[in-house]
1. In segment 135-149, which residues are within 18 Å of the chain's Cα centre (by Cα) and assigned to a loop (DSSP other than H, G, I, E, B)?
2. Mind listing just one residue for me: the one in segment 150-187 that is in contact with a helix residue (DSSP H, G or I) (Cβ under 7 Å, 6 or more places away or on another chain) and part of a loop (DSSP other than H, G, I, E, B) and, of those, farthest from residue 122 (Cα to Cα)?
3. What is the one condition in (1) free of Cβ contacts under 8 Å to residues at least 24 places away in the same chain; (2) farther than 30 Å from residue 81 by Cβ that residue 386 does not satisfy?
4. Hey, among the residues in segment 419-462 that are free of Cβ contacts under 8 Å to residues at least 12 places away in the same chain and part of a loop (DSSP other than H, G, I, E, B), which one's farthest from residue 90 (Cα to Cα)?
5. Only one residue in 385, 395 is outside any helix (DSSP H, G or I) and within 30 Å of residue 143 (Cβ to Cβ). Which one?
6. Being in a helix (DSSP H, G or I) and touching a residue at least 24 places away in the same chain (Cβ under 8 Å) is the filter; apply it to segment 398-418 and report the residue that is nearest to residue 107 (Cα to Cα).
7. Restricting to segment 429-471, name every residue that is over 41 Å from the mean Cα position of the chain (by Cα) and surrounded by 14 or more Cβ atoms within 10 Å (Cβ to Cβ).
8. For residue 333, which of the numbered conditions (1) touching a residue at least 40 places away in the same chain (Cβ under 8 Å); (2) at negative phi; (3) within 16 Å of the chain's Cα centre (by Cα) fails to hold?
């Protein structure tokens with residue numbers, strides 16, 4: 001609606017009056033969510049991902065570690081998620097180089113520079129650390145031939161605390177942001193790493209830990225970015241830290257209330273001097289007459305009125321707790337069942353639907369983050385070391401990766417569905433085998449050898465006959481194979 005000034009201007013200059021009115025209408029918000037009348041003022045509006053990280057990441061990391069150490073369902077959620085993403089290991093499969101595969105198998109038990117894990121244990125440790133802390137660093141340690149390793153290379157998993165994030169600004173000709181050095185085109189050139197963990201109780205060498213520049217070629221910095229230009233990672237549980245802490249406080253309060261419910265308290269009123277007569281100094285000071293004996297009788301001073309205090313049970317605790325756990329699981333990207341182990345309200349349909357959603361998200365993480373940013377750099381470094389050591393003629397990066405297979409919710413129906421897809425031309429044997437975590441070439445080779453061996457022993461026909469007999473119903477008629 002035009003105001004008085006608009007109308008006056010409109011009398012003198014109608015065109016100017018219309019422009020003023022139109023401009024005022026354009027200032028009105030189209031989205032209610034953008035209204036500032038609700039008092040919502042997000043912190044650091046317009047800050048970059050790196051600015052948010054510099055301000056909050058250390059606190060988030062400390063709290064995330066505390067939740068893993070002290071909250072059972074958070075610890076279980078982190079473990080279960082890594083079990084689905086990494087499992088017993090993401091295995092590299094070279095297409096054309098059996099030498100690489102043989103060298104990998106021989107070297108795998110000696111891959112860890114610190115704690116004696118094999119290469120698949122390193123993958124799991126790195127992923128678990130990154131989920132909890134938001135990021136992890138894997139140091140590539142080239143070894144001498146005299147060290148006696150099958151391939152002269154090892155990996156060292158480092159917590160992100162090793163990165164000196166106090167390094168900021170222009171240092172050594174690089175643009176340094178939180179300990180990461182960038183060259184003129186914005187590519188990571190290296191990292192400023194401490195010579196030992198800054199949280200160690202003992203400072204070796206008698207001096208404070210200092211950071212030194214380490215080239216990017218010697219470090220694998222793994223994290224899952226969620227914003228363009230993001231150089232550091234945030235803990236997976238960052239969105240649910242506040243809610244989890246609030247739920248912990250609620251659980252503590254409920255536990256305290258439950259303790260009070262199981263106790264019978266009595267308040268005595270009357271002659272205070274008479275109640276304290278003959279009592280010890282502590283009774284006179286605190287006015288507490290002690291505990292009630294179980295099944296006993298006791299005498300109280302005359303004129304004392306007794307009032308029994310029995311707290312009433314507060315309903316709805318379980319329902320509220322389950323709802324909050326559902327929200328926490330959703331915020332962390334897990335299923336409620338895998339985080340809590342509670343499957344009482346799950347049926348086949350609901351479990352399958354949620355499992356399929358989680359599987360899509362897990363495969364997205366595997367193929368877009370874990371493999372290209374963690375596993376592939378490790379395999380490339382290994383392949384280069386094989387070439388330098390003379391184990392292979394040339395480093396080979398032409399390979400596939402076999403991820404952990406997914407267990408079926410209903411194996412019988414799911415296998416039948418897979419076979420129907422193959423029979424209908426909607427999929428291939430190789431594709432179904434790869435989705436189960438198997439390498440098709442190896443399976444076909446084993447099948448060929450098994451069939452040949454069974455034929456030589458003369459028992460293949462017996463097995464086929466037994467299988468055919470299993471597919472006959474009680475009336476002796478064949479039934480559809482599943």
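1. Residue satisfying the conditions is 135 alone.
2. Here the residue is 178.
3. (1)
4. Applying the filter and picking the extreme gives 458.
5. Values: 385 fails: outside any helix (DSSP H, G or I).
Every option except 395 fails the conditions.
6. Applying the first criterion (in a helix (DSSP H, G or I)) to segment 398-418 yields 411-418.
So of that shortlist, the ones also touching a residue at least 24 places away in the same chain (Cβ under 8 Å) come out as 412, 415-416.
Numbers: 412: 38, 415: 36, 416: 39 Å.
Residue satisfying both the conditions and the ranking: 415.
7. 454, 460
8. (2)
None of the figures in this text is laboratory data; all of them are computed from the coordinates on show. No experiment lies behind these values; they were computed from the predicted model shown. Because the Cβ atoms are built from the backbone with ideal geometry, glycine has one as well, and the counts that use them run over all protein chains shown.
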